[in-house]
């Protein structure tokens, strides 16, 4: 689970300086539907943390919000 949180940290950090790169990195977290339930939960939690973090760029917001539907 720490790897997913690390990716989320990098997405949030990159979003401030390079939103397009942050969105591409966030896209890695969207491919969780074929994983086991435990990993799906961990990834969803990382995505929720990103979505609840202050203002996001439109690039990252779009990727994260669509994946949480």
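Just so it is clear, none of the values below were taken in a lab; they were calculated from the coordinates. All values reported here derive from a predicted model rather than from experimental measurement. Note that each Cβ is placed from the backbone with ideal geometry, even for glycine, and that neighbours are counted across all protein chains shown.
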**Request:** Would you mind checking segment 6-27 for residues with the amide N under 14 Å from a putative spin-label position 7 Å along Cα→C-beta of residue 58?
**Result:** 19-20
**Asked** What does the helix-only formula give at 222 nm for the chain: each DSSP H stretch with n ≥ 4 adding -39500 (n - 2.57), the total divided by the residues, and the result rounded to the nearest 500 deg cm²/dmol?
**Response** -23500 deg cm²/dmol
**Asked** So how many Å³ per residue does the convex hull of the Cα atoms of the chain work out to?
**Response** 69
**Asked** Helix 37-52 versus the longest principal axis of the chain: what is the Cα-based angle in degrees, 0 to 90, to the nearest 10?
**Response** 20
